[in-house]
Amino acid sequence: MIFPVSAVILEKLEEYKKILEHFSKPRLDLIEWRPTEKNNVEVLNETIDLYRYFDATKQAEFFFECVEETVNKTLPEEVEYIKKYDLLNNFIKNYIDMPDKLVDLLIRFLVQNGGALSKRSRNKEFEKLTDLEIRAIEHKYAEIFT
């Protein structure tokens, strides 16, 4: 099972950076290094004691908070979205004959544009849809997603 905790971490990138720096910054002055020809770093002194048995409490607490948010917020929101997506997907497939990829694109466009199909997409990807069909799909979107 893929657990999308990284999405929560990305939302808290500044906090994540500070948590990592809490550990790494104090050690930087204790490390002797030089740049290599391949734009890497070569460590010149023994550093194993800087990393052995370190206190990772702050990192563990941050990770726990991210897992907790994933379980209590992100996953339920994703499940709710999938349910709504499936309802709209089924409606569109039963209402008009359209390939799966185009149905998916239609739903994504509706989500991105707050439930309305843009003029550009009406004239391009969905030019074959009538105004009546578009209104029915937008109405169903509003019924399901709001």
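Can V111 be described as among the β-branched types (V, I, T) and closer than 30 Å to E133 by Cβ?
yes
Quick check: anything in the stretch 75-83 modelled with pLDDT of 95 or more, touching a helix residue (DSSP H, G or I) at 6+ places or on another chain (Cβ under 8 Å) and within 27 Å of E11 (Cβ to Cβ)?
Within the stretch 75-83, not a single residue is modelled with pLDDT of 95 or more, touching a helix residue (DSSP H, G or I) at 6+ places or on another chain (Cβ under 8 Å) and within 27 Å of E11 (Cβ to Cβ).
Please pick out the residue among F63, F126, F54 that is over 21 Å from the mean Cα position of the chain (by Cα) and either closer than 30 Å to A7 by Cα or in contact (Cβ under 8 Å) with a residue 60 or more places away in the chain (or both).
That would be F54, the only listed residue that is over 21 Å from the mean Cα position of the chain (by Cα) and either closer than 30 Å to A7 by Cα or in contact (Cβ under 8 Å) with a residue 60 or more places away in the chain (or both).
Of (1) part of a helix (DSSP H, G or I); (2) closer than 13 Å to I137 by Cβ, G115 satisfies all except one. Which?
Among (1) part of a helix (DSSP H, G or I); (2) closer than 13 Å to I137 by Cβ, the lone unmet condition for G115 is (1).
Which is over 21 Å from A142 (Cβ atoms) and part of a helix (DSSP H, G or I), of E61, E80?
Result: E61 is the single residue among E61, E80 that is over 21 Å from A142 (Cβ atoms) and part of a helix (DSSP H, G or I).
The values are calculated or read from the model by the stated rules, or taken from the named source; none is laboratory data. All values reported here derive from a predicted model rather than from experimental measurement. Here the Cβ is made from the backbone with ideal geometry for all residues, glycine too, and neighbour counts use every protein chain on show.
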